[in-house]
Amino acid sequence: MKIIILGAGQVGGTVAANLTSENNDITVIDTDPQILQALQDRLDLRTITGNATYPEVLERAGADDADMIIAVTDSDEANMVACQVAATLFNTPSKIARVRAVEYLSHPQIFAPDALPIDVLISPEQLVTQYVRRLIEHPGALQVMDFADGRVRLVGVRAYYGGPLVGQELRTLREHVPGVQTRVAAIYRQGSAIIPEGDTVIEAGDEVFFVAARRNIRAVMSELRRLDKPVKRIMLAGGGNIGTRLAQSLEPNYQVKIIEHNGRRCREIADDLKKTIVLRGDAADEDLLLEENIENTDVFCALTNDDEANILSAMLAKRRGARTVMALINRAAYVDLIQSSHDIDVAISPQQATIGSLLAHIRRGDVATVHSLRRGAAEAIEAVAHGDAGSSEVVGKRIDQIRLPRGTTIGAIVRGEEVVMAHHDTVIEPEDHVILFLVDKSRLADVEKLFSVGVTFL
């Protein structure tokens, strides 16, 4: 596909890196030539320096025959105008825009085809809020990903000594949780992927990804580790867009405190929030944390715009007794460092949370959902099976008859409202939503090909 990316910031750079690795023709537009040069040195793509809303700049980038425009500059207005220009002057088929402001998002009629012609709206703040909310709902999970409108979840959890399944073969899982349908999709041991088989033994420290219906998640987690108590008390550091949105979504069901250093912002969010306690101060202030009983806090989540501040405040909260700590981290290198240490339980990467939402609209074949895992090295996708036995390579076939690329496993199938765990003799039917786990993302093109119908379906 020929794709033009507007904005070479953190999201734009991450999107460009993901798409160039999949042999797309990528052009990036930005006003900063230095950022573009750094991107060009690292990736095989074309760059244009200029304002992404100007028709001449878009024309230079090849907008007249582009398949897609992804507008992810720092300005909502620039993103919206660029999509309008691309639609009016160049008839660009697909237009994706990042829009952050709730003031725009709360009026969806703005984005109707006869108003601002944007096909897909991406709100990183909203995606990160949902991501953190799912982690809070499942204490102890490293990642929680929704498929099929939340009917199925893929959960990553670290196995610990004391878990009933630790030291046991996977085939015993059915005996441990009778009546619960689940499937282990992948295991990571000391950073390396292991394709799960019936005789695979789970060891303490393994990162286990399993698929299960939403209602069964806790039962499966209890086999891999001692279950944490349900979350009651939450402390958020940072009263920006993400912190405020998260507090709004959590305060009906949890006791929430939010720490913000800016006095004016404190007053604004105190007016917006109904039950949340708003504290003015520094989240890395040990005295403040102790005063607010950090030792009795179930979840501490650092969500400021400063990576270093998030890391330090989360580490301090952990040392002073917070049960689970999370930190929002933008720099990919920092995410890797944090994940390999045990000082912070969960490192949240907004780029990885956002990229999946974008990729679902770029994949060939009918791909409903994409989640990026393991810092982009692995992927979980929800692909829809179309056609019949004559036109499709998957429909009408048993799973053990499908030539899945190496390192790819089918975890579950959603058939209407029914969730079916994948076994070797499960037959895929037309319109099934198939949940796949790809340990090696480079095999993605082969998976897309499998789920394409005939030779003309894209």
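Throughout, read-outs are computed from the coordinates displayed, never taken from laboratory work. Since the model is a prediction, treat every value here as computed from it, not as a measurement. Cβ atoms come from the backbone with ideal geometry, glycine included; neighbour counts cover every protein chain shown.
Could you check, for the range 13-27, whether at least one of its residues is buried (at least 23 other Cβ atoms within 10 Å of the Cβ), on the phi > 0 side of the Ramachandran plot and touching a strand residue (DSSP E or B) at 6+ places or on another chain (Cβ under 9 Å)? No. Anything in the range 156-190 that is exposed (fewer than 14 other Cβ atoms within 10 Å of the Cβ) and touching a residue at least 12 places away in the same chain (Cβ under 8 Å)? List them, or say none. Hits for the range 156-190 are 161, 162, 167, 169, 171, 190.
Scanning the range 28-46 for residues that are crowded, with 21+ Cβ neighbours inside 10 Å and not charged (D, E, K, R) yields a count of 3.
Residues in the range 245-256 that are within 25 Å of residue 287 (Cβ to Cβ) and either free of Cβ contacts under 8 Å to residues at least 40 places away in the same chain or of a type in the set (Asp, Glu) (or both): 247, 255, 256. Taking the stated definitions as given, is residue 393 touching a helix residue (DSSP H, G or I) at 6+ places or on another chain (Cβ under 7 Å), surrounded by 23 or more Cβ atoms within 10 Å (Cβ to Cβ) and in contact (Cβ under 8 Å) with a residue 24 or more places away in the chain? No: the conditions fail for residue 393.
Screening the range 401-436 for residues that are outside any loop (DSSP other than H, G, I, E, B) and more than 19 Å from residue 181 (Cα to Cα) and picking the one that is farthest from the chain's Cα centre (by Cα) gives 401.
The single condition among (1) surrounded by fewer than 20 Cβ atoms within 10 Å (Cβ to Cβ); (2) within 30 Å of residue 159 (Cβ to Cβ) that residue 274 does not satisfy is (2). For the range 105-117, the criterion of being under 18 Å from the mean Cα position of the chain (by Cα), surrounded by fewer than 21 Cβ atoms within 10 Å (Cβ to Cβ) and among the β-branched types (Val, Ile, Thr) is satisfied by no residue at all.
Quick check on my filter: what residues within the range 138-155 are charged (D, E, K, R), surrounded by fewer than 18 Cβ atoms within 10 Å (Cβ to Cβ) and in contact (Cβ under 8 Å) with a residue 40 or more places away in the chain?
Taking the range 138-155 and keeping what is charged (D, E, K, R), we get 146, 149, 151, 153.
Cutting the leftovers down to surrounded by fewer than 18 Cβ atoms within 10 Å (Cβ to Cβ) gives us 146, 149, 151.
Result: 146, 151.
Scan the range 55-80 residue by residue and report those that are touching a residue at least 12 places away in the same chain (Cβ under 8 Å), in a loop (DSSP other than H, G, I, E, B) and surrounded by fewer than 18 Cβ atoms within 10 Å (Cβ to Cβ).
At the first step, the residues of the range 55-80 found to be touching a residue at least 12 places away in the same chain (Cβ under 8 Å) are 55, 57-74, 76, 78-80.
Still in the list and also in a loop (DSSP other than H, G, I, E, B): 61-62, 66-67, 72-74.
If the condition is that a residue be touching a residue at least 12 places away in the same chain (Cβ under 8 Å), in a loop (DSSP other than H, G, I, E, B) and surrounded by fewer than 18 Cβ atoms within 10 Å (Cβ to Cβ), then 62, 67, 74 are the ones that fit.
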